[in-house]
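Please read the structure below before turning to the comments.
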Amino acid sequence: MAETLLFLRQLISRPLQVSAIAPSSRFLARAMARDLGPQTGRVVEFGPGTGRLTQGILQAGVAPENLTLFEMNAEFVTHLRARFAGVTVHLAGAQTAPQLVPKGVGAVVSGLPLLSMPMALRQSIVAAAFEILAPDGIYVQFTYGPRPALDDDQIRDLGLSCTQTAYVALNLPPARVHTFRRG
Ligand SMILES: C[S@@+](CC[C@H](N)C(=O)[O-])C[C@H]1O[C@@H](n2cnc3c(N)ncnc32)[C@H](O)[C@@H]1O
């Protein structure tokens, strides 16, 4: 309940930054983390908000010490640091990840509202993710619309492939999960 109130307060004060009507459901969190586990190694999350996806990532078996979060909202960062002991939380934009995280990450999980962002920022955030990802690393992103967060030209320009890996009806609103890889 306290988390929902925190989310709603931030949604009212920073609607463009939050860009969602509710935190993700546990069903979406599970779908986002479905290919993750202790074997994934280091994992980075973009835009964790109150930490719904963070919880799913940890429940999938990723060790807290192997998880790094990038969140731009200071109130969410205070909450995340108190809630998730052992997890590294940066008060910073996702696009700065290559300056703060060594290369070789196994997965980047993103709860960012990419479709509400200008095209150039969207592309630079996904490019930043692939700068830190290992050659076989994955970028997992949900959207509320039918299409992935990047269009076909951007996916091709970045040298990526994209697959829809889940449709989650039990989320407000229903969401699709896309997994991006190199090649
Ligand atoms: C739609 S909310 C998602 C929250 C959470 N991941 C969830 O699924 O419930 C988007 C979050 O991304 C954060 N955010 C927006 N732009 C960001 C950026 N460039 N870098 C990091 N976080 C950002 C917002 O502050 C907000 O917490």
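Computed on protein heavy atoms with a 1.4 Å probe, the accessible areas place Ile12, Ile21 in the order Ile12, Ile21, largest first. The spacing between region 67-85 and region 86-115, judged by their C-alpha centroids, is 12 Å.
To the nearest µm²/s, what D does Stokes-Einstein give for region 1-144 at 37 °C and 0.692 mPa s, using the Kirkwood radius over alpha carbon pairs as Rh?
219
With a cut-off of 13 Å between beta carbons, the residues surrounding Thr78 carry a summed charge of 0, where Lys and Arg count +1 and Asp and Glu -1.
For the chain, the share of DSSP beta bridges that are antiparallel, to the nearest 5, is 45%. Shown here is the pair-distance distribution of region 1-58: with all Cα-Cα distances grouped in 5 Å bins from zero up to the longest one, the shares run 4, 18, 26, 22, 15, 9, 5, 1 percent.
Hey, what number do you get for the chain at 222 nm if only DSSP H runs of n ≥ 4 count, each worth -39500 (n - 2.57), divided across all residues, to the nearest 500?
One gets -9500 deg cm²/dmol as the mean residue ellipticity at 222 nm.
The values are calculated or read from the model by the stated rules, or taken from the named source; none is laboratory data. Computed from a prediction, not measured in an experiment: that's the story for all the values here. All Cβ positions, even for glycine, are placed from backbone atoms using ideal geometry, and neighbour counts span all protein chains on display. Heads up: the accessible areas ignore ligands, DNA and RNA and are worked out on the full protein's heavy atoms, side chains in. Shrake-Rupley method; radii C 1.70, N 1.55, O 1.52, S 1.80 Å.
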